[in-house]
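What follows is a set of notes on a single structure, which appears directly below.
The values are calculated or read from the model by the stated rules, or taken from the named source; none is laboratory data. Bear in mind the structure is a predicted one, so any value in this text is a computation, not a measurement. For neighbour counting, all protein chains shown are included, and Cβ atoms are generated from backbone atoms with ideal geometry for every residue, glycine included.
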Amino acid sequence: MKITTATPADLDRLLSFRQEAASWIGKLGSDQWSRPYPADRLLATINAGTVFMLRDGSATAGTITLTAEAEEGLWSEAELGEPSMFVNKLTVAREYAGQNLGARLLDWAGDRAYRSSAKWLRLDAWTTNARLQQYYLDQGFEHVRTVREGAAVNGGPRVSGWLAQRPTRPAAHGFTDEAHSPEPLFT
């Protein structure tokens, strides 16, 4: 399997990934991702070069977004002063479930962040999705805190404020990385 940088042609597949994930998560009792994600916002992240696709031949097995930009209102000034990269929208197609691809994508992200000279790989997860939180803990992330107030979509409480981090490190993720090589972002 190989990792490539997403292109605008991947937009429909990425939107369908989110719908598929929302349906599956909903069957598990979570409302995560139940609101449609705005296509224009997703396209902006694609155009920024921060969305990556896991390809299995002509099929797409998963996706991950990795950025140096933190979501506003989650991390403290001191934390934002530490070189970090942030994972968002990690999704594995249901037909590829159970193959450890999510963990390997996180390892890829941690390796890429390490090569960018970041100290931390950070994420925020759905505040009410205990299974997802445990998954990240099982992947070596440490819970930092849960933010329930702040900038939330449509004026409601923050729904994705469970914050976690793990140190970046080189990793043997096993993917062929065809995405552009990261430049050191931090000195």
> Do you know which of the residues in segment 96-125 that are in a helix (DSSP H, G or I) and acidic (Asp, Glu) is farthest from Ser160 (Cα to Cα)?
Replying inline: Asp111
> Only one of these conditions is not met by Arg148: (1) under 25 Å from Arg13 (Cβ atoms); (2) among the charged types (D, E, K, R); (3) not in a strand (DSSP E or B). Which number is it?
Replying inline: (1)
>> Consider segment 13-57. How many of its residues are surrounded by fewer than 16 Cβ atoms within 10 Å (Cβ to Cβ) and at pLDDT 85 or above?
In response: 6
> What are the residues in segment 148-187 that are at pLDDT 75 or above, out of contact with any strand residue (DSSP E or B) (no Cβ under 6 Å at 6 or more places or on another chain), closer than 15 Å to Leu74 by Cβ and buried (at least 18 other Cβ atoms within 10 Å of the Cβ), if any?
Replying inline: none
> Which condition number in (1) surrounded by 14 or more Cβ atoms within 10 Å (Cβ to Cβ); (2) touching a Leu at 6+ places or on another chain (Cβ under 6 Å) is the one that Ala103 fails?
Replying inline: (2)
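Scan segment 160-187 residue by residue and report those that are of a type in the set (Lys, Arg) and in a loop (DSSP other than H, G, I, E, B).
Arg169
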> Does any residue of segment 78-92 turn out to be among the polar types (S, T, N, Q) and exposed (fewer than 15 other Cβ atoms within 10 Å of the Cβ)?
Replying inline: no
>> I'd like the full set of residues that are assigned to a loop (DSSP other than H, G, I, E, B), more than 13 Å from Leu90 (Cβ to Cβ) and touching a residue at least 60 places away in the same chain (Cβ under 8 Å), limited to segment 126-140.
In response: Thr128
> Yes or no: Ala113 hydrophobic (A, V, I, L, M, F, W, C), under 17 Å from the mean Cα position of the chain (by Cα) and at pLDDT below 95?
Replying inline: no
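Could you count how many residues in segment 80-125 are acidic (Asp, Glu) and in contact (Cβ under 8 Å) with a residue 60 or more places away in the chain?
2
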